[in-house]
Amino acid sequence: MMEDRIRTTYRKALNMALREAMQRDQRVFLMGEDVGRYGGSFAVSKGLLDEFGEERVRDTPLSESGFVGAGIGAALNGMLPIVEIMTCNFSLLALDQILNNAATLRYMSGGQLSVPLVIRMASGAGLQLAGQHSHSFEGWYANIPGIRVVTPATLEDARGMLWTALMDPDPVIIFENMPLYNLEGELAADAGPVDIDRALVRRSGEEITLVTYGGSLHKTLQAAERLGDEGVSAEVIDLRTLRPLDMATVLSSLEKTHRLVVVDEGWKSGSLAAEVMARVMEQAFYELDAPIERVCSVEVPMPYARHLEQAAIPQVDAICAAALRTVKRHV
Amino acid sequence: MMLSHSERARNLLHGMLRIRRFEEKSAELYSAGKIRGFLHLYVGEEAVATGVMQALRPEDAIFATYREHGHALARGLTAASIMAEMFGKAEGCSRGRGGSMHLFDVASKFYGGSAIVGGGLPLAVGYALAQKMQQRPGLVACFFGEGAIAEGEFHESLNLAALWKVPVLFLCENNYYAMGTALERSEAEVDLVGKAAGYRVQGESVDGMDVLAVLEATQQAVQFVREHNVPYFLEFRTYRFRAHSMFDPELYRSKAEVEQWKQRCPIAGFSACALREGWLTPEAIHVIEDEVAQEIAHAVEFAEAGTWEPTEMLSRDVYTERKGTGTVP
């Protein structure tokens, strides 16, 4: 019997997840800039105000530090807040609260406090939003002990990661990728929560492992298809959770392919890609048959002009080229 | 329950003396190398924490600053658990993870101990929002110094609290210096109550050297917050008699100014008043001094006898222990 599937988008899947969470648990509420009457700056929370009212779908002033801190305070006191920050660039105004309080209170209090807060923020280039709206800070946040960082890149994860994040007793940051909001596809009608612990093999292959997350997943899958046409069998791993990193899935793939390219929309220096590479060196150096390559963003503030923006971020051509170089190398 | 004048006087003097003696002992132990890191003493400001806490109830929550030994003591944390924390011992109130600036005790709803100036204000607002959403009794008492008023979070938090009508008591301890920067050198407008009014938060200034004035003003403010379920702002004008921290040559204020304020010592002033009014006898004051001395001596013994958390436990409590399949780095 075919399972029931629905046609939907990444944006609608996120909306379904918010609606389900608010229906399931009275402790859940959403707050952020324009989440209510406006319906969300990217329309993710559209319709929720009518269904749940102003108490639980709470518009905030433009006070990122204030309302993120308020989310932490509410989480300390029995609620399960979801705080939306319009773009990850704006989250820097709340970085003090995220790092000095959300990530730190449990440890600093000797384990007495718990901050079950979920922060959603949008990241990623491709919409020509230029130098203050388009960056990818997933890797930065993944540097912080005390928080969990997840990056839904599929409809299933957009639908399923939120509830699991809310049930986590510690703060979780969900990075929604802006260019993916309009991604269309099919989703099981009864899709529900998914784990936020493991990386997943999105495409099986034998000769090279391509590791990525977030907005770069779809480009990496396209690159793998093209590599297949050229006779190179590529495996694609979606990290899904950047902290803690599931290295077991990466290493087990490497035991098969012995070659690795990491694709990461963050800036190259000190990137998440650098972390993955370092861990492979530490944990699986002798599995490697070729040096690891990475495809990252060029180290410039994101430019506005479309051709420049596209040149700044990882693209299918660059991923294929890096993979082919890696495959052709011999030790 | 109404207290008699002598019971109330006893509680207030005991509360202030306990803080004064604890701080004096802390300074001594700092010089002896038993306490390290930053140590910010509350000497001179005892009337504020003591008066405020006696106006609060167990269901109220407290968010404090990094100069918070006095608040923690006044809220009922034992001197022993605080001293052990400052020694870095596992028996400390934050298991040796926080130190002087990060005292926590969830059982008494004491939420720290924050060393980012202004950083605790948004937490207090959110905590109060959760009180309101869950229809729980209890307000939130949020302490901060006048230095915090220069931070954006002060303005964001007062606006949010007034906009959302949540029960926060904003308690500004104005000791006139943000480290070494005098209020009038950092604020174009030094009328702090007026600033709060700009966010439609009512408030008043109180003599922070007079414990009875602090107690009475806080009792009225608490009643206002409970009745109307809205924030209120109190400015306590006070003064720290000692340096900002243990690394402060005090180049920014004159000895004469410090001496002038010391003439208004809240403990000496209240003791004299209590004797004059017949609330306390000299013997009763001796008994209080003895009790306090015993508690402090015991606190030091407790801290000395405490244990060091094994370094194998270093990573405990970064995350809540949970059954997951993930690999934590």
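Structural remarks
- For segment A:13-132, the carbon plus sulfur part of the accessible surface works out to 50%, probe radius 1.4 Å.
- Å² per residue, accessible surface of the protein assembly as shown at 1.4 Å: 40
- Averaging the sequence gap over all C-alpha pairs within less than 8 Å and six or more residues apart, then dividing by the number of residues, gives chain B a relative contact order of 23 percent.
- Cα-based reach from A:Lys256 at 25 Å (exclusive), listing lysines while leaving out same-chain residues under 8 positions away: A:Lys219, A:Lys328
- For the chain pair B and A, the interface hides roughly 3900 square angstrom of accessible area in total, found with a 1.4 Å probe.
- For segment A:1-110, the set of GluC sites (Glu not before Pro) satisfying both a DSSP loop assignment and a count of at most 15 other C-beta atoms within 10 Å is given as A:Glu3, A:Glu54, A:Glu55.
- Once you reduce segment B:134-182 and segment B:55-72 to the center of their Cα atoms, the two points are 13 Å from each other.
- Rounded to the nearest 10 degrees, the inclination of helix A:247-257 to the longest alpha-carbon principal axis of chain A is 20 degrees.
- Per-residue average of Cβ from other chains inside 10 Å of B:88-98: 3
- For the residue pairs B:Lys34/B:Lys132; B:Lys34/B:Lys255; A:Lys46/A:Lys268; B:Lys89/B:Lys195, the alpha carbons lie more than 32 Å apart in B:Lys34/B:Lys132; A:Lys46/A:Lys268; B:Lys89/B:Lys195.
- Label positions at A:Tyr38 and B:Glu227, each projected 7 Å from the Cα along the C-beta direction, are separated by 3.9 nm.
- Overall form of chain B per C-alpha gyration tensor (a/c, 1.5; a/b vs b/c): rounded
- Taking all protein chains as shown and a probe of 1.4 angstrom, B:Glu259 keeps an accessible surface of around 90 Å².
- Cα shape, segment A:129-178, gyration tensor, a/c 1.5 rule: oblate
- Segment A:46-74 and segment A:173-224 have their alpha-carbon centroids 29 Å apart.
- Counting Cβ atoms of other protein chains within 10 Å of each residue's Cβ and taking the mean over peptide A:60-67 gives 6.
- Degrees, to the nearest 10: A:272-284 long Cα axis against longest axis of chain A: 60
- For segment B:170-248, the list of chymotrypsin sites (Phe, Trp or Tyr not before Pro) that fall in a loop by DSSP and count at most 16 other C-beta atoms within 10 angstrom reads B:Phe247.
- Share of carbon and sulfur in the accessible area of segment A:200-328 stands at 53%, probe radius 1.4 Å.
- Helical content alone sets the calculated 222 nm signal of the protein assembly as shown at -12000 deg cm²/dmol, taking -39,500 (n - 2.57) per DSSP H segment of four or more residues and averaging over every residue.
- Shown are A:Lys256, B:Lys255, whose ranking by accessible area with a 1.4 Å probe and every protein chain present, most to least, is B:Lys255, A:Lys256.
- When all alpha carbon pairs of segment A:200-328 are counted in 5 Å bins from zero, the resulting P(r) reads 2, 12, 23, 25, 21, 11, 5, 2, 0 %.
- Test item: B:152-165 mean partner chain Cβ contacts at 10 Å: 4
- Efficiency of FRET between B:Val287 and B:Lys34 - r from beta-carbon atoms, R0 30 angstrom, step 0.05: 0.55
The values are calculated or read from the model by the stated rules, or taken from the named source; none is laboratory data. Small disclaimer: the values here were computed from a predicted structure and weren't measured. Glycine gets a Cβ as well: all are built from the backbone with ideal geometry, and neighbour counts include every protein chain shown. To get the accessible areas, we keep the full protein, side chains included, count just its heavy atoms, and leave off ligands, DNA and RNA. Shrake-Rupley method; radii C 1.70, N 1.55, O 1.52, S 1.80 Å.
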